[in-house]
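Participant: Sharing a structure with you now.
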Amino acid sequence: MQNFDIEEELKKLPGKPGVYIMHDEDDNIIYVGKAVILKNRVRSYFRESTKKTVKIRQMVSKINWFEYVVTDSEMEALVLENNLIKEHQPKYNTMLKDDKTYPYIKVTVQEEYPRIFMTRQIKKDNAKYFGPYTSATSVKETIELIRKLYKIRACRHMGDSPCLYYHIGQCEAPCDGRTDRETYGENVQKALSFLNGNYKELIRHMEDLMNKASEEMEYEKAAEYRDLLQSLNQVAQKQKITDLSGNDQDIIAIVKDDQSVIVQVFFVRDGKILGREHFYMKHTEGEEIPDILRSFITQYYADCPSIPKELITSAPVTDRELLEDWLKNIRGGKVTVTVPVKGKKEKLAELAEKNARIVLQQDVEKIRREMKRTSLAVRELEHLLGLNDIHRMEAYDISNISGFNSVGSMVVYEDGKPKRNDYRKFRIKSVEGPNDYASLDEVLTRRFEHGLREKDGKAESGFVKFPDLIMMDGGRGQVNIAKAVLDRLGLNIPVCGLVKDDRHRTRGLYYNNTEIGIDTGSEGFKLITRIQDEAHRFAITFHRSLRSKEQVHSVLDDIPQVGKTRRKSLMRYFEGIEELKQASVEELLRVPGLNRTSAQSVYDFFHKI
């Protein structure tokens, strides 16, 4: 924002609650926060005496201007802050990386003949919901079992006659009056009891039925009961019973190291652990655990369809009382946030924390493997080429078939990882025939001329950033083409060629007029191969898409007075192009949508060929 004097604007801040929004020089929102007293909180960022984390110091250095919204209460500020964070994803806010929607089982008890099905949304419609479950497959298996056991209907709207589910024994066909409302209602109550975890009595009953059928030599029926019993036992085992007096709770544990923050949640409903899930938090540098927990709770539960009566956390949470009031408003009932220090709740929090540490350890190992494949591979290339600080690499490839539809591709890798948003495709315009050198010249010229123009205009795109290394799929010839383009444009960027052997396999690098050997088992070589394959794949994919468009072109597209609708009508009416060619004007008039002018146009088109 032009003419924004931060010092003057700080003096105007009100002593009221609200939300402040920080912008950088490009007008991007980089941070959103809430404050009990706006003038105190916002001023603290710009005081030299205030102790700040590295992340906050970086953020403050990029603030170009700020704005604020005054609210009536801290609660309103909390809600507005969360909405703005979710909408704008600011760079310096601690963010929930995973945005998952969990499945629930819904029983429409408000209907005359209730249904049962899976849903991911909870509505205030007087239906009963069970969950959340972390596995959609488990939900589908449970629903299928319930339909087999209790014959609960699956149809959204009841028809006048039995459907397939009746014929396969999974519905009693209330639509056709084959079961009365009372009997159907009893089955629904049994299904609800089942979903509440009351399995033991049903398992015993099923075992009795199986044994009885076997004694009476009704072996097919006995086998049917056996299969149902196996499904029942599988579903029962997936819900671990805990002695929590039938409460609804979420157990939330958090662990962190220098690189990752993991939040583990156990979902407990009616005293049973229905599942667990872990979440990654990003932009947590310098953040304390209580603040990260507050960010997680506000972002996760703002859109959560089911909030339990109690959140048990492994560590204290910033703004705990405010969060309890906020959660109460969403849930429509009291919600408690507690940090247990002993007893069963503390044991559960400890269990969740152990699971989080396991995920964190796996994450650390994954990061180490990824570093070996990426950043360490880049360091190997630096050592081979005698370069420093290679961050961005660009590779180019040309694809054509005998010069037809020549295209070029540019792929980008940063720190050894593909940056697909910066990939670019080029249709070759000035080159006729199969001339890869001339095509490369055009592609590179267009790429860097475009980048220079955008740099001058301070535009933002994948063209603005120039690479630290250009990789050409070839040796001396391709490298010299690239260097000639760069020299014309006054750019000094290292160019490396990938030299092939007789079998068209990369055997070394061509750099500074020298071929450099490379260990084909090294991570650096593997990275080069991935970049090379990706450039080739990207070019081929683009070329195929252009060829497909050419092949889709129909002779009917060239007929005057025939648009998309009439073209479809002609294709439906006539079996093939030969039959259409032989059609008279009168016959063409029978085609829906054609008038005499268009019919004559079709006739003239084929008889002039």
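Participant: Identify the residue in the stretch 570-609 that is polar (S, T, N, Q) and in a loop (DSSP other than H, G, I, E, B) and, among all such residues, is nearest to Pro560 (Cα to Cα). Break it down stepwise before answering.
Facilitator: Within the stretch 570-609, the subset polar (S, T, N, Q) is 582, 584, 595, 597-598, 600-601.
Checking the rest, the ones that are also in a loop (DSSP other than H, G, I, E, B) come to 582, 584, 595.
Working: Gln582: 18, Ser584: 17, Asn595: 13 Å.
Ranking the qualifying residues of the stretch 570-609, first place goes to Asn595.
Participant: What do you reckon, is Glu454 more than 17 Å from Ile531 (Cβ to Cβ), at pLDDT below 80 and assigned to a loop (DSSP other than H, G, I, E, B)?
Facilitator: Details: more than 17 Å from Ile531 (Cβ to Cβ): yes; at pLDDT below 80: yes; assigned to a loop (DSSP other than H, G, I, E, B): no.
For Glu454, the condition - more than 17 Å from Ile531 (Cβ to Cβ), at pLDDT below 80 and assigned to a loop (DSSP other than H, G, I, E, B) - is not met.
Participant: Something else about it: Exactly one condition in (1) of a type in the set (A, V, I, L, M, F, W, C); (2) buried (at least 17 other Cβ atoms within 10 Å of the Cβ); (3) at pLDDT 75 or above; (4) assigned to a loop (DSSP other than H, G, I, E, B) is not met by Leu491; state its number.
Facilitator: Looking at each condition in turn, Leu491 falls short on (2).
Participant: If His504 meets every condition in (1) surrounded by 15 or more Cβ atoms within 10 Å (Cβ to Cβ); (2) in a loop (DSSP other than H, G, I, E, B) apart from one, which number is that one?
Facilitator: All conditions are met except number (1).
Participant: Also: Determine the pairs where a residue that is more than 17 Å from Ile516 (Cα to Cα), located within the stretch 468-485, has a partner that is of a type in the set (Phe, Trp, Tyr) with Cβ atoms under 6 Å apart, the partner being 6 or more residues away or on another chain.
Facilitator: Listed by first residue and then by second, the contacts come to Ile481/Tyr437.
Residue by residue, here is whether (1) outside any loop (DSSP other than H, G, I, E, B); (2) under 31 Å from the mean Cα position of the chain (by Cα) holds:
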position	(1), (2)
Glu324	yes, yes
Ala377	yes, yes
Leu384	yes, no
Ile390	no, yes
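Participant: Got at least one residue in the stretch 465-486 being modelled with pLDDT under 85 and within 30 Å of Asn28 (Cβ to Cβ)?
Facilitator: yes
Participant: For Arg320, state whether it is out of contact with any helix residue (DSSP H, G or I) (no Cβ under 8 Å at 6 or more places or on another chain) and of a type in the set (Lys, Arg).
Facilitator: Yes; evaluated as a whole, the condition is true for this residue.
Participant: Might you check whether a residue that is under 32 Å from the mean Cα position of the chain (by Cα) and either at pLDDT below 90 or not assigned by TED's automatic domain parsing to the domain that holds Glu81 (or both) occurs anywhere in the stretch 29-43?
Facilitator: If we filter the stretch 29-43 for residues that are under 32 Å from the mean Cα position of the chain (by Cα), which is where we start, we get 29-35.
Keeping just the survivors that are either at pLDDT below 90 or not assigned by TED's automatic domain parsing to the domain that holds Glu81 (or both) gives none.
Scanning the stretch 29-43 turns up no residue that is under 32 Å from the mean Cα position of the chain (by Cα) and either at pLDDT below 90 or not assigned by TED's automatic domain parsing to the domain that holds Glu81 (or both).
Participant: All but one of (1) outside any loop (DSSP other than H, G, I, E, B); (2) of a type outside the set (Lys, Arg); (3) free of Cβ contacts under 8 Å to residues at least 12 places away in the same chain hold for Leu10; which doesn't?
Facilitator: Against the list (1) outside any loop (DSSP other than H, G, I, E, B); (2) of a type outside the set (Lys, Arg); (3) free of Cβ contacts under 8 Å to residues at least 12 places away in the same chain, Leu10 comes up short only on (3).
Participant: Only one residue in Ala191, Ala222 is assigned to a helix (DSSP H, G or I), at pLDDT 75 or above, farther than 24 Å from Tyr301 by Cβ and within 36 Å of the chain's Cα centre (by Cα). Which one?
Facilitator: On inspection, the qualifying residue turns out to be Ala191.
Rundown of residues vs (1) of a type outside the set (A, V, I, L, M); (2) modelled with pLDDT under 80; (3) within 30 Å of Ser399 (Cβ to Cβ); (4) surrounded by 11 or more Cβ atoms within 10 Å (Cβ to Cβ), yes/no style:
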residue: Ser548; (1), (2), (3), (4): yes, yes, yes, no
residue: Val552; (1), (2), (3), (4): no, yes, yes, no
residue: Val555; (1), (2), (3), (4): no, yes, yes, yes
residue: Leu570; (1), (2), (3), (4): no, no, no, yes
residue: Gly576; (1), (2), (3), (4): yes, yes, no, no
residue: Glu579; (1), (2), (3), (4): yes, yes, no, yes
residue: Ala583; (1), (2), (3), (4): no, no, no, yes
residue: Leu588; (1), (2), (3), (4): no, no, no, yes
residue: Val591; (1), (2), (3), (4): no, no, no, yes
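Participant: Could you list all residues from the stretch 261-306 that are among the charged types (D, E, K, R), touching a helix residue (DSSP H, G or I) at 6+ places or on another chain (Cβ under 8 Å) and either modelled with pLDDT of 90 or more or not assigned by TED's automatic domain parsing to the domain that holds Ile330 (or both)?
Facilitator: Arg294 - this is the single residue of the stretch 261-306 that is among the charged types (D, E, K, R), touching a helix residue (DSSP H, G or I) at 6+ places or on another chain (Cβ under 8 Å) and either modelled with pLDDT of 90 or more or not assigned by TED's automatic domain parsing to the domain that holds Ile330 (or both).
Participant: Which ones in the stretch 507-526 are in contact with a strand residue (DSSP E or B) (Cβ under 9 Å, 6 or more places away or on another chain) and assigned to a helix (DSSP H, G or I)?
Facilitator: Answer for the stretch 507-526, where residues must be in contact with a strand residue (DSSP E or B) (Cβ under 9 Å, 6 or more places away or on another chain) and assigned to a helix (DSSP H, G or I): just Phe525.
Participant: Now, a different point. Looking only at the stretch 64-119, which residues are farther than 19 Å from Tyr31 by Cβ, surrounded by fewer than 14 Cβ atoms within 10 Å (Cβ to Cβ) and under 24 Å from the mean Cα position of the chain (by Cα)?
Facilitator: Asp98, Asp99, Lys100, Thr101 - these are the residues of the stretch 64-119 that are farther than 19 Å from Tyr31 by Cβ, surrounded by fewer than 14 Cβ atoms within 10 Å (Cβ to Cβ) and under 24 Å from the mean Cα position of the chain (by Cα).
Participant: Which residue out of Lys16, Lys55, Lys39 is surrounded by 11 or more Cβ atoms within 10 Å (Cβ to Cβ), over 20 Å from Gly286 (Cβ atoms) and in contact with a Ser or Thr (Cβ under 9 Å, 6 or more places away or on another chain)?
Facilitator: Values: Lys55 fails: over 20 Å from Gly286 (Cβ atoms); Lys39 fails: in contact with a Ser or Thr (Cβ under 9 Å, 6 or more places away or on another chain).
Checking each option against the conditions leaves just Lys16.
Participant: Does Leu509 satisfy the condition of being among the aliphatic types (A, V, I, L, M), modelled with pLDDT under 80 and either assigned by TED's automatic domain parsing to the domain that holds Val411 or surrounded by 17 or more Cβ atoms within 10 Å (Cβ to Cβ) (or both)?
Facilitator: On the way: among the aliphatic types (A, V, I, L, M): yes; modelled with pLDDT under 80: no; either assigned by TED's automatic domain parsing to the domain that holds Val411 or surrounded by 17 or more Cβ atoms within 10 Å (Cβ to Cβ) (or both): yes.
No, not satisfied.
Participant: Among the numbered criteria (1) closer than 30 Å to Thr183 by Cβ; (2) of a type outside the set (S, T, N, Q); (3) without any contact (Cβ under 8 Å) to a residue 60 or more places away in the chain, which single criterion is violated by Ile116?
Facilitator: Only one criterion in (1) closer than 30 Å to Thr183 by Cβ; (2) of a type outside the set (S, T, N, Q); (3) without any contact (Cβ under 8 Å) to a residue 60 or more places away in the chain is unmet by Ile116, namely (3).
The values are calculated or read from the model by the stated rules, or taken from the named source; none is laboratory data. Everything numeric in this text was worked out from a predicted model, so none of it was measured. Counting neighbours? That spans all protein chains shown, and the Cβs are built from the backbone with ideal geometry, glycine included.
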